[in-house]
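Inspection log for the structure reproduced underneath, given as structure tokens.
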Amino acid sequence: MFEPELTTGVSPVSLIGMPGSGKSTVGKEVAHRLGLAFADCDKAIEHRAGCSIAALFEREGEGAFRDLESEVLASLVARGPSVIATGGGVVLRAANRELLRARTRCVYLRAGLDLLWKRLRRDHRRPLLQVADPRRRLREMSAEREPLYEGTAHWIVDTDGLSFDRLVGKLMEQLRPETPQ
């Protein structure tokens, strides 16, 4: 059993990275260990929209989805201390990157393309990967987003080759409040 760490007066933690990098799964455990609430940005979007992200994309398009994503992100950050798993494309808008950088402790979960493909190849819920060559699309998305993730994050954690427990441990090391010397 873990004792939650003291979190009074801390900024929210945000997890960014490609779809399939583990933001939601890892985020839940990190929130538990820190004694904070957990928020999944994509689930909050679906709740607010009253439909799945795929249905929102189909009905209103990516622009409307990104508008709602920005609104939801801002509301989650404004709630205060928590752990927020963002959507993979949240960094595509400059305002989101600025918000994450200025108002959260932002961690980029960097996963290699082989690991992402292994996790996503049978996932048909992600609208941007429903194309003729989803592996190529994943590679293109990664190339576009990598510099945005790197420029937004305060810390980068490479996930390849790490067990779940070791990955959570690495995040906890980064997020542990500094102690006075």
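Only the coordinates and a few stated rules stand behind these numbers; no lab work does. Being a predicted model, the structure only gives us computed values, none of them experimental. Methodologically, a virtual Cβ is constructed for each residue, glycine included, from the backbone with ideal geometry; neighbour enumeration extends over all protein chains shown.
Could you give the length gained by full extension between residue 133 and residue 163, i.e. 0.36 nm per residue of separation minus their alpha carbon distance, to one decimal place?
Full-extension gain reported as 7.9 nm.
According to a simple spin-label model (label point 7 Å from Cα along Cα-to-Cβ), what is the distance in nm between residue 93 and residue 25?
If labels sit at residue 25 and residue 93, their model points lie 2.8 nm apart.
Treat the count of other C-beta atoms within 10 Å as a stand-in for reagent exposure and order 25, 86 from fewest to most. The partial results should precede the final answer.
On the way: 25 14, 86 27.
In increasing order of surrounding Cβ atoms, one gets 25, 86.
Under the 0.36 nm per residue contour assumption, what length would be gained going from the current alpha-carbon distance of residue 48 and residue 60 to full extension? Present the calculation step by step, with values, prior to reporting the outcome.
On the way: separation 12, 0.36 × 12 = 4.32 nm, distance 1.41 nm.
Extra length available between residue 48 and residue 60 comes to 2.9 nm.
Where nothing but the Cβ of Lys and Arg (+1) and of Asp and Glu (-1) is charged, how large is the charge dipole of region 13-168 around its Cα centre, in debye to the nearest 20?
My answer is approximately 260 debye.
If only Cα atoms are counted, what is the Rg of region 13-168, and what is its Dmax, in Å?
So, for region 13-168, Rg and Dmax equal 14.7, 43 Å respectively.
Note down the net charge around residue 158, summing +1 for each Lys or Arg and -1 for each Asp or Glu among other residues with Cβ under 15 Å from its Cβ. Write out the running numbers ahead of the final one.
On the way: positive: 23, 110, 166, 170; negative: 114, 146, 150, 160, 173.
Computed value for this residue: -1.
Distance from the Cα centre of region 70-89 to that of region 14-63, in angstrom?
Value for the Cα centre distance between the two parts: 9 Å.
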